[in-house]
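The structure appears below as structure tokens.
The values are calculated or read from the model by the stated rules, or taken from the named source; none is laboratory data. Please read all numbers here as calculations on a predicted model, not as lab measurements. In this analysis, Cβ positions are derived from the backbone assuming ideal geometry, glycine residues included, and neighbour counts consider all displayed protein chains. Surface accessibility is based on the protein's heavy atoms, side chains included, excluding ligands, DNA and RNA. Shrake-Rupley method; radii C 1.70, N 1.55, O 1.52, S 1.80 Å.
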Amino acid sequence: AARYFAVLHHGGIYADMDIMPIRNVDPLLEKMDLSGNEHKEMIVAETYNLGLTNALFASVPNSTILHRFVRELPSHTRPLHGFEMFVPHFAVLLSTGPTRLWIYLNQNNRRDKILTLNPAGWGQCHQCKQHSSKCIPVEGSFFETTKGGSWHKWDTRIMNFIFCHVHFVVWGALCLLGWVGYVYFLGREKSKRRL
């Protein structure tokens, strides 16, 4: 959560250690000063999978939207009500991680106070198509992203597998459900024959 406090106090850009600038980022920050954007307080990176992320964001100093978010964080220290040790990835996501920020920014029309940076603009690879340790940035990208995820554990790999193989997971679940139904009804038929 330290990233939020540093950017709240000083303003500027926060980027995870696996996100490196490849050109001057001043034009990105200047987007908040352009005509029609004077009321924007933050730039937040979008992801390919779901919503916004805290891996890369920028803010004006003492942003009201970021200040309110920081004040709300203590109420989310145990987002899974004691089950955090069983699914650590979700505990991080929902306490101070990207999902908590995304949920907060989507509540009560807070999105009109932010600008978003699409995944290509910050060099994010699609998690289902990343085959090397480094993404190849597209033309016009401000950053490149290497393979990070130091806080990712076993549950992250399972979640990414499900996200990247939805069809397989759905078909597998349907087959399992069909097999369970078959075994259940087969057992009932055998019970009726015995009577």
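Side notes on the structure shown:
- Rounded to the nearest 20, the Cβ-based charge dipole of region 32-190 about its Cα centre (Lys and Arg +1, Asp and Glu -1) stands at 480 debye.
- In terms of its C-alpha gyration tensor, region 16-76 comes out oblate, because a/c is 1.5 or above while a/b does not outweigh b/c.
- Gain in span if fully extended, residue 68 to residue 170, counting 0.36 nm per residue against the direct Cα distance: 32.8 nm
- Neighbour cut-off at most 14 other Cβ (10 Å), DSSP loop, GluC sites (Glu not before Pro), region 4-98: 38
- Protein accessible area in the chain, 1.4 Å probe - carbon and sulfur %: 61
- Applying 1/(1 + (r/R0)^6) with R0 = 30 Å to the Cβ-Cβ distance of residue 34 and residue 80 gives a FRET efficiency near 0.15.
- Option label - Cα extents along the principal axes in Å computed here, alternatives [x] 98, 36, 30; [y] 230, 34, 17; [z] 80, 39, 31: [z]
- Probing with 1.4 Å while keeping every protein chain in the model, the per residue accessible area of the chain equals 64 Å².
- The count of lysine pairs in region 28-168 that are at least 8 places apart or cross chains, and whose C-alpha atoms lie under 16 Å apart, stands at 5.
- Which of 92, 50, 39, positive extreme of dipole for region 31-165 (C-beta unit charges): 92
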